[in-house]
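A.B. asks: Mind looking over this structure? Questions follow.
The values are calculated or read from the model by the stated rules, or taken from the named source; none is laboratory data. On a predicted model such as this, the values are computed, not experimentally measured, just so you know. FYI the Cβ positions are ideal-geometry reconstructions off the backbone, even for glycines, and counts take in every protein chain you see. Surface accessibility is based on the protein's heavy atoms, side chains included, excluding ligands, DNA and RNA. Shrake-Rupley method; radii C 1.70, N 1.55, O 1.52, S 1.80 Å.
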Amino acid sequence: MATTFHEIEVVAGDDHRLKKDFGTVGLLFTAIGSIIGSGWLFSSLNASKEAGPAAIISWVVATVMFLLIALSYAELGVMFPRSGGVARYPHYAWGSFASFSMGWVTWLACAAVASVEVSAVLTYATSYLPWMEHKNATLTAPGLVIAIAIMAVFVIVNYFGVRWFARINNLLVWWKLAMIVLVIIALLVTAFHGVNFGIHTSNGSGFTPYGLKGAFEAIPAAGIAFSFLGWRQGIELAGETRNPRRNVPLTVIGSVVICGILYILLQVAFIGAVPSAAVAKGGWAEIGSNLVASGGASATFSPLAVVASILGLGWLAGLLYADAIISPSDTGLIYTSVTARMSYAMGRNRNAPRILAHVNDNGVPWPSLVLAWIVGCIFFLPFPSWQALVSIVTSLTVLSFGSGSIALLTFRKQIPKQERRYRQGGAWIIAPLALLSTNLIMYWAGWDQVWKMMLAIVIGYILLWIFQIADASRNRAPKLDFAHGWWVLVWFAGITVVSYLGNYSGTSAVHAGQLGVYKFDGGIIANIILTVIVLACAWYCKLPGERVQEILEETEENAVVGGAPAD
């Protein structure tokens, strides 16, 4: 028994009190439950407004992009099944500066997601409890109290451990899957207006009324990319599953494919179900307000429920209002757990306060949970809307994914003898395409999101500088390995320059001061060039193989000392 326990510790590379209570279904359902959150309740409407019927193209392209990104992580998640893996792989490949850069971006995005999901619950609830939000979609004082209380419930459930969490989540995911399938079938059977897929209006006509630019801009802007971010849970919780070789690839690939198919079918059903008169009145861009006129309710707050009401499906509208509490709440519950694992990982990497790596007897990093609750509550301050918050969260999260595709390639050179119980075929094709997908999604998000994202990154570097100074006397902070991590700055600068020179602003026109040097085709070429430069720089900067081994051995040694890394 003692020998088996030691082997588990070494493979996990984590605190020995982290529980391995995620089975095959539990881990897969955690990813699916994280994907099917508030996104499916709003994105069909938002994508239709951005792209019209071409929103179907948006979902197909997004599914392929996120499948490529997920495939690039499948091998890593099996080779290094670590909790908070997205922040830890860069640490092994390029050292502390690169891992902090990715970890900060990832943690900040994760911390906001639970708040986004709670906001979605309250936004749908304003259809029958209007006193919870102001007209500009910010929370009232009573709404703020309820939001903070819901976040506290997420923390309490997570505090009692993975087993509690997994049981509750499995039940909720069955509900969510049943609901989305039910909505698809109900809309397709009740009303399907084929004319909607090529309808001519005064404000954009045909299948692509706003061109391919609108279709691709919808991926980050309409919440489509946001709806796929949850595949990562197979990586972030890989250290807490019993069979990473089977469960990690199944989770990251299966969750994207299953949810991608459901989302595409839902978009088809939504476009076909919308009354043609509502589309013809002002085009797809005005579909939200036109549905309000048709249904007598706020389609902006509850689009699917309003469409169901227009079609006479009152029973379905009732279920959707109930699901608007269940689906986002489950995803918020999951992201509270993941946010805690991210700060836990940064504590293990020693580029964040080490108290964040403390684990209780339930196998939960409880200081990180408390921090997740505090920061999550800050995001309830008066942000303009669900969609506005989603855009910046999406950009930050997608940025954090990019390093995994590069690490997949560098590890083949750095640690060729490392056991790979799952080896990703076609890595030299998949990884560059995954990084290109990452860059394109951020580019399509527009300059208005990119500059905010870079401001958040600068704040993170200020915090890193403060942490390094505060920790200097105790000499606990790891070497920054800046000589191996500077490529990250080249990447961030490249994203900024490519966006500033392009014509995607996040608004209907080029942002004030943005140059608009190239348009759709030029933007793709610019991002291909950026991808090649980043790959070359990251390959040049990679840590020597012996240094990677030192880091891996240090991590395993620290993993078996108490609730935090060893001094």
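A.B. asks: Step by step: first the residues of the range 191-223, then only those that are β-branched (Val, Ile, Thr) and within 12 Å of Ala280 (Cα to Cα), then the one that is modelled with the highest pLDDT. Which residue is that? Please lay out each step first, then the result.
C.D. replies: Pass one, the range 191-223, residues β-branched (Val, Ile, Thr): 195, 199, 201, 208, 219.
Adding the requirement that they be within 12 Å of Ala280 (Cα to Cα) leaves 195, 199, 201.
On the way: Val195: 90, Ile199: 79, Thr201: 72.
The residue in question is Val195.
A.B. asks: Okay, next question. Would you pick out the residues in the range 420-436 that are part of a helix (DSSP H, G or I) and either among the aromatic types (Phe, Trp, Tyr) or open to solvent by 10 Å² or more (accessible area, probe 1.4 Å) (or both)?
C.D. replies: Restricting attention to the range 420-436, the residues satisfying the condition of being part of a helix (DSSP H, G or I) are 427-436.
Within the range 420-436, Trp428, Ile429, Ile430, Pro432, Leu433, Leu436 qualify.
A.B. asks: Next question. Please verify whether the range 79-91 includes one or more residues that are open to solvent by 10 Å² or more (accessible area, probe 1.4 Å), under 15 Å from Leu262 (Cα atoms) and out of contact with any Asp or Glu (no Cβ under 8 Å at 6 or more places or on another chain). Outline the logic, then answer.
C.D. replies: Taking the range 79-91 and keeping what is open to solvent by 10 Å² or more (accessible area, probe 1.4 Å), we get 79, 91.
Checking the rest, the ones that are also under 15 Å from Leu262 (Cα atoms) come to none.
Checked the range 79-91: no residue is open to solvent by 10 Å² or more (accessible area, probe 1.4 Å), under 15 Å from Leu262 (Cα atoms) and out of contact with any Asp or Glu (no Cβ under 8 Å at 6 or more places or on another chain).
A.B. asks: Could you give me the residue pairs with C-beta distances under 7 Å whose first residue belongs to the range 93-113 and is touching a residue at least 60 places away in the same chain (Cβ under 8 Å), whose second residue is among the acidic types (Asp, Glu) wherever it lies, and which are 6+ apart or on separate chains?
C.D. replies: Hits for this filter: Trp94/Asp481; Gly95/Asp481; Ser96/Asp481; Phe97/Asp481.
A.B. asks: Here's another thing I want to ask about it. Any residue that is modelled with pLDDT of 80 or more and surrounded by 23 or more Cβ atoms within 10 Å (Cβ to Cβ) - is there at least one of those in the range 2-21?
C.D. replies: First, pick out the residues of the range 2-21 that are modelled with pLDDT of 80 or more: none.
Taking every residue of the range 2-21 in turn, none turns out to be modelled with pLDDT of 80 or more and surrounded by 23 or more Cβ atoms within 10 Å (Cβ to Cβ).
A.B. asks: Something else now. Can you name the number of the only condition in (1) among the aromatic types (Phe, Trp, Tyr); (2) in contact (Cβ under 8 Å) with a residue 40 or more places away in the chain; (3) more than 25 Å from Ala456 (Cα to Cα) that Trp131 fails?
C.D. replies: Among (1) among the aromatic types (Phe, Trp, Tyr); (2) in contact (Cβ under 8 Å) with a residue 40 or more places away in the chain; (3) more than 25 Å from Ala456 (Cα to Cα), Trp131 violates only (2).
A.B. asks: Shifting gears a bit: Go through the range 101-123 and give me each residue that's open to solvent by less than 10 Å² (accessible area, probe 1.4 Å) and over 16 Å from the mean Cα position of the chain (by Cα). Don't jump to the end; show me each part of the working.
C.D. replies: Of the range 101-123, the ones open to solvent by less than 10 Å² (accessible area, probe 1.4 Å) are 101-103, 105-106, 109-118, 120, 122.
Hits for the range 101-123 are Ser101, Leu122.
A.B. asks: Taking the range 362-390 as the region of interest, how many residues are open to solvent by 20 Å² or more (accessible area, probe 1.4 Å), at pLDDT 75 or above and not in a helix (DSSP H, G or I)?
C.D. replies: Qualifying residue count, the range 362-390: 1.
A.B. asks: Where the second residue is basic (Lys, Arg) and open to solvent by less than 10 Å² (accessible area, probe 1.4 Å) and the first is more than 16 Å from Asp330 (Cα to Cα) and lies in the range 29-51, which pairs have Cβ atoms under 6 Å and are six or more apart or on separate chains?
C.D. replies: As it stands, the answer is none, since no pair meets every condition given.
A.B. asks: Here is a list: Ile57, Ile69. Which entry is of a type in the set (A, V, I, L, M), in contact with a Phe, Trp or Tyr (Cβ under 8 Å, 6 or more places away or on another chain) and within 19 Å of Thr438 (Cα to Cα)? Don't jump to the end; show me each part of the working.
C.D. replies: Values: Ile57 fails: in contact with a Phe, Trp or Tyr (Cβ under 8 Å, 6 or more places away or on another chain).
The conditions single out Ile69.
A.B. asks: Still on this structure: Consider Ala186 carefully, then state whether it is in a helix (DSSP H, G or I), buried (at least 24 other Cβ atoms within 10 Å of the Cβ) and at pLDDT 85 or above.
C.D. replies: The answer is no for Ala186.
A.B. asks: Within the bounds of the range 166-179, is there any residue that is assigned to a loop (DSSP other than H, G, I, E, B), open to solvent by less than 30 Å² (accessible area, probe 1.4 Å), at pLDDT 85 or above and within 30 Å of Tyr344 (Cβ to Cβ)?
C.D. replies: no
A.B. asks: From the list Leu409, Leu399, exactly one residue is out of contact with any strand residue (DSSP E or B) (no Cβ under 7 Å at 6 or more places or on another chain), within 15 Å of Leu71 (Cβ to Cβ), among the aliphatic types (A, V, I, L, M) and crowded, with 18+ Cβ neighbours inside 10 Å. Which is it?
C.D. replies: Values: Leu399 fails: within 15 Å of Leu71 (Cβ to Cβ).
Exactly one of Leu409, Leu399 is out of contact with any strand residue (DSSP E or B) (no Cβ under 7 Å at 6 or more places or on another chain), within 15 Å of Leu71 (Cβ to Cβ), among the aliphatic types (A, V, I, L, M) and crowded, with 18+ Cβ neighbours inside 10 Å, namely Leu409.
A.B. asks: Can you tell me which residues in the range 197-225 are surrounded by fewer than 23 Cβ atoms within 10 Å (Cβ to Cβ) and part of a helix (DSSP H, G or I)?
C.D. replies: Answer for the range 197-225, where residues must be surrounded by fewer than 23 Cβ atoms within 10 Å (Cβ to Cβ) and part of a helix (DSSP H, G or I): Phe197, Gly211, Leu212, Lys213.
A.B. asks: Still on this structure: Going through Ile528, Ile533, Ile495 one at a time, which residue ends up being under 24 Å from the mean Cα position of the chain (by Cα), modelled with pLDDT of 95 or more and open to solvent by 70 Å² or more (accessible area, probe 1.4 Å)?
C.D. replies: On the way: Ile533 fails: under 24 Å from the mean Cα position of the chain (by Cα); Ile495 fails: open to solvent by 70 Å² or more (accessible area, probe 1.4 Å).
Step by step, each of Ile528, Ile533, Ile495 is checked, and only Ile528 is under 24 Å from the mean Cα position of the chain (by Cα), modelled with pLDDT of 95 or more and open to solvent by 70 Å² or more (accessible area, probe 1.4 Å).
A.B. asks: Would it be correct to say that Tyr504 is in a loop (DSSP other than H, G, I, E, B), within 22 Å of Phe216 (Cα to Cα) and open to solvent by less than 30 Å² (accessible area, probe 1.4 Å)?
C.D. replies: Values: in a loop (DSSP other than H, G, I, E, B): yes; within 22 Å of Phe216 (Cα to Cα): yes; open to solvent by less than 30 Å² (accessible area, probe 1.4 Å): yes.
The answer is yes for Tyr504.
A.B. asks: Please find, within the range 328-361, the residue that is most open to solvent (accessible area, probe 1.4 Å) out of those that are on the phi < 0 side of the Ramachandran plot and not in a helix (DSSP H, G or I). Steps first, answer last, please.
C.D. replies: First pass over the range 328-361, keeping only residues on the phi < 0 side of the Ramachandran plot: 328-349, 351-361.
Those left that are additionally not in a helix (DSSP H, G or I): 351-353, 358-361.
Working: Asn351: 3, Ala352: 10, Pro353: 67, His358: 73, Val359: 9, Asn360: 17, Asp361: 119 Å².
Only one residue fits best here, namely Asp361.
A.B. asks: May I ask you to verify whether Phe29 is open to solvent by 10 Å² or more (accessible area, probe 1.4 Å), more than 24 Å from Pro209 (Cβ to Cβ) and modelled with pLDDT of 90 or more?
C.D. replies: Numbers: open to solvent by 10 Å² or more (accessible area, probe 1.4 Å): yes; more than 24 Å from Pro209 (Cβ to Cβ): yes; modelled with pLDDT of 90 or more: no.
In short, no.
A.B. asks: Could you tell me which residue of the range 263-279 is nearest to the chain's Cα centre (by Cα), considering only residues that are open to solvent by 10 Å² or more (accessible area, probe 1.4 Å) and modelled with pLDDT of 95 or more? Reasoning before the result, please.
C.D. replies: Filtering the range 263-279 for residues open to solvent by 10 Å² or more (accessible area, probe 1.4 Å) gives 264-265, 268, 275-277.
Add one more test, that the residue is modelled with pLDDT of 95 or more, and what stays is 264-265, 268.
Details: Ile264: 18, Leu265: 21, Val268: 24 Å.
Top of the filtered list is Ile264.
A.B. asks: Could you tell me which numbered condition Leu68 fails, if it satisfies all but one of (1) in contact with a Cys (Cβ under 8 Å, 6 or more places away or on another chain); (2) open to solvent by 10 Å² or more (accessible area, probe 1.4 Å); (3) not β-branched (Val, Ile, Thr)?
C.D. replies: Here Leu68 meets the rest and fails (1).
A.B. asks: Another question, then. Considering only residues of the range 391-412 that are within 18 Å of Arg348 (Cβ to Cβ) and not hydrophobic (A, V, I, L, M, F, W, C), which is modelled with the lowest pLDDT?
C.D. replies: Selected residue: Ser400.
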